[in-house]
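The block underneath contains the structure these notes are about, expressed in structure tokens.
The values are calculated or read from the model by the stated rules, or taken from the named source; none is laboratory data. Just so we're clear, the structure is a prediction, and the values are computed from it rather than from any experiment. Positions of Cβ are backbone-derived with ideal geometry, glycine not excepted, and every protein chain shown enters the neighbour counts. Side chains are part of the model used for accessible areas, which takes the heavy atoms of the whole protein and leaves out ligands, DNA and RNA. Shrake-Rupley method; radii C 1.70, N 1.55, O 1.52, S 1.80 Å.
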Amino acid sequence: MAGLIELLQDVWGFLRERQKYWLLPLIITLVLLGALIVLTQGSAIAPFIYTLF
């Protein structure tokens, strides 16, 4: 869990230092899609998720 917090701090520091705030929605979307795929891997919803991609 500590590694995740450090990663988030590093990403936020990068975005803030280089004024790349427009990347934040892209990063959030990718993380949410990844979490959706991982969490539905073994469920009955999985075939319907994979048809979206």
Pairing a residue in segment 20-36 that is among the hydroxyl-bearing types (Ser, Thr, Tyr) with any residue that is open to solvent by less than 90 Å² (accessible area, probe 1.4 Å), where Cβ atoms lie under 9 Å and the two sit 6 or more apart in sequence or on different chains, gives Tyr21/Leu15
If we ask which residues in segment 25-53 are modelled with pLDDT of 90 or more and in contact with a helix residue (DSSP H, G or I) (Cβ under 8 Å, 6 or more places away or on another chain), their number turns out to be 1
Those residues of segment 1-21 which are assigned to a loop (DSSP other than H, G, I, E, B), surrounded by fewer than 10 Cβ atoms within 10 Å (Cβ to Cβ) and modelled with pLDDT under 90 amount to Met1, Tyr21
When (1) part of a helix (DSSP H, G or I); (2) surrounded by 10 or more Cβ atoms within 10 Å (Cβ to Cβ) are applied to Ser43, the one that fails is (1)
Among residues of segment 22-38 being farther than 21 Å from Tyr50 by Cα and of a type in the set (A, V, I, L, M, F, W, C), the residue surrounded by the fewest Cβ atoms within 10 Å (Cβ to Cβ) is Trp22
